[in-house]
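Before any comments, here is the structure.
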Amino acid sequence: MLRKTVSTTIIGSMQGFLSHRINYSISAVDVVGRELIKSRELEKDELRPLYMDFQATTPMDPRVLDAMLPYQVNYYGNPHSRTHAYGWESESAMEKARKQVADLIAADPREIVFTSGATESNNMSIKGVARFYKAKKKHVITTQTEHKCVLDSCRVLEAEGFDITYLPVKTNGLVDLQLLEETIRPETSLVSVMTVNNEIGVRQPVEEIGRICRSRNVFFHTDAAQAVGKIPINVSDWKVDLMSISGHKIYGPKGIGALYVRRRPRVRLEPLQSGGGQERGLRSGTVPTPLAVGMGAACEIAQQELEYDHRWVSMLANRLVQRIMSEIPDVVMNGDQEQRYPGCINLSFAYVEGESLLMALKDVALSSGSACTSASLEPSYVLRAIGTDEDLAHSSIRFGIGRFSTEAEVDFTAEKCIQQVKRLREMSPLWEMVQEGIDLKSIKWTQH
């Protein structure tokens with residue numbers, strides 16, 4: 001009975017894929033297959049899937065678009081033109097937006113630098129601080145679960161001769177504060193720890209980290225792209241020196257972000273790009289007024305509706321998790337259960353391949369915890385860092401809930417998820433073995 005093989009028809013001519021890993025009977029689709037599926041889905045004139053991927057991006061709030069439109073059509077002056085009304089109008093709008101961003105994090109508007117997004121803000125912070133202070137300090141500390149742009153920026157610095165410490169995290173995803181404090185050295189210039197993890201939703205103890213860094217005279221940068229507009233933030237209370245912000249994560253436009261740079265005590269950066277010296281000389285280039293206005297409006301709306309949004313998202317998240325876990329056994333929530341942002345839910349469904357589940361849930365836009373490469377499926381480095389078993393890491397799905405999510409969407413997603421997980425497990429010989437009381441960890445697998 002256990003020798004039976006399982007074959008799955010994925011789409012059209014895509015049949016008979018061999019199992020990628022011995023642990024799974026249903027293989028993930030390769031890159032070519034995924035491209036075929038994407039092109040065919042896009043050609044279909046059908047209803048679009050429900051959107052449950054709010055950590056990737058958010059839909060623009062209609063109120064944000066209303067604020068932006070006049071600056072796309074009528075008020076099109078360069079905000080850095082000081083000799084005529086067109087420039088003055090755009091400059092005034094840009095400065096208003098700067099204040100709106102600053103108010104959301106309790107900062108001074110003069111401390112806000114507009115960028116193209118959180119990736120640029122992270123690059124500016126890490127490379128800028130490290131290079132400016134490199135004569136006396138050449139050590140930077142970050143964690144193993146940071147966003148890829150932070151990790152890659154640190155690798156660039158390593159190639160330049162800097163010493164980088166990648167702190168491990170505990171199994172709940174949180175930083176060990178004692179280990180952090182012990183790692184700081186006299187030559188440490190910067191500590192970079194994200195506020196809310198983009199994959200598992202864990203919220204780091206940023207206030208405690210800020211106090212440690214300030215007491216040791218080390219600058220503290222946090223990537224707050226997933227936190228700004230979703231949780232209350234006060235950069236002074238948190239003792240943050242640099243904070244990265246993204247426009248499209250808070251129902252604003254894509255292509256705009258911001259970097260908070262503390263004035264007192266002053267933080268110095270080496271600019272990444274040269275030019276006209278805009279944005280206090282830290283980020284040369286014309287600020288796109290419509291995008292800045294949109295981001296400012298998004299921040300103002302987020303500040304007004306922060307409490308309501310958080311209650312709504314928390315309710316929907318609890319509804320989704322309780323529904324799924326009450327119907328399906330062997331489901332694990334990744335990351336700390338308490339110290340987290342509720343709208344980011346990462347669940348691992350044992351004995352189910354995450355990619356197969358995503359393909360089955362075509363009516364819902366979700367993302368997998370597995371990072372796909374052309375040659376193989378590798379589990380997420382974030383899940384590996386928290387010690388998740390490889391099998392569970394391969395079976396993870398991230399559910400993103402936001403301002404515009406509805407109860408009906410959450411119920412539909414939960415129902416579809418329950419249905420497809422049960423179906424895929426019925427096809428899995430591993431699930432069959434577990435039902436018969438076989439301990440899978442006691443089996444010595446061999447490859448042929």
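The values are calculated or read from the model by the stated rules, or taken from the named source; none is laboratory data. From a predicted model like this one, the values you see are computed outputs, not experimental measurements. Here the Cβ is made from the backbone with ideal geometry for all residues, glycine too, and neighbour counts use every protein chain on show. All accessible areas refer to the heavy atoms of the entire protein, side chains included, with ligands and DNA or RNA removed. Shrake-Rupley method; radii C 1.70, N 1.55, O 1.52, S 1.80 Å.
Apolar share of the accessible surface for the chain: 51 percent from carbon plus sulfur atoms, 1.4 Å probe. The packing ranking of peptides 73-84, 192-203, 409-420, highest mean first, is 192-203, 409-420, 73-84, where packing means the average number of other beta carbon atoms within 10 angstrom of each residue.
Beta-bridge orientation, the chain: approximately 60 percent antiparallel, per DSSP, counting only bridges with both partners inside. The phi-based Karplus calculation (6.51 cos²θ - 1.76 cosθ + 1.60; θ = phi - 60°) puts the 3J(HN,Hα) values of the range 211-216 at 5, 4, 5, 5, 5, 9 Hz, whole numbers, x for Gly and Pro. When the helices of the chain are scored as -39500 (n - 2.57) per DSSP H run of n ≥ 4 and the total is divided over every residue, the value at 222 nm lands at -12500 deg cm²/dmol.
Once backbone amide H atoms are built at 1.01 Å from N, Val364 has Leu50 as its partners under 5 Å, excluding neighbours fewer than 5 places away on the same chain.
About the centre of its Cα atoms, the chain shows a dipole size close to 1220 debye [charges on the beta carbon of Lys, Arg (+1) and Asp, Glu (-1) only; nearest 20 debye]. The 3J(HN,Hα) values that the Karplus relation (6.51, -1.76, 1.60; θ = phi - 60°) gives for the range 107-119 are, in residue order, 10, 8, x, 5, 9, 9, 10, 6, 10, 8, x, 5, 4 Hz. Gly and Pro appear as x. Sites listed here are GluC sites (Glu not before Pro) in the range 297-395 whose DSSP assignment is loop and whose Cβ has at most 13 other Cβ atoms within 10 Å: Glu338. Across the range 82-92, computed HN-Hα scalar couplings (Karplus, 6.51 cos²θ - 1.76 cosθ + 1.60, θ = phi - 60°) run 9, 10, 8, 5, 4, x, 5, 4, 5, 5, 4 Hz from first to last residue, x flagging Gly and Pro. Tell me the angle of helix 62-73 to the major Cα principal axis of the chain, expressed in degrees between 0 and 90 and rounded to the nearest ten. For 62-73 against the chain, the angle is about 50 degrees. Once the Cα atoms are used to define both axes, helix 31-43 deviates from the longest principal axis of the chain by about 80 degrees. With contacts taken as Cα pairs under 8 Å and at least 6 residues apart, the chain reaches a relative contact order of 21 percent. For the chain, the longest principal axis of the Cα atoms and the long axis of helix 407-426 meet at an angle of about 40 degrees. Accessible area per residue for the chain is 46 Å², calculated with a 1.4 Å probe on protein heavy atoms, without ligands, DNA or RNA.
Averaging the sequence gap over all C-alpha pairs within less than 8 Å and six or more residues apart, then dividing by the number of residues, gives the range 63-117 a relative contact order of 19 percent. Ranking Ile141, Pro342, Gly173 by how far each Cα lies toward the positive end of the dipole of the chain (charges on Cβ) leaves Ile141 at the top.
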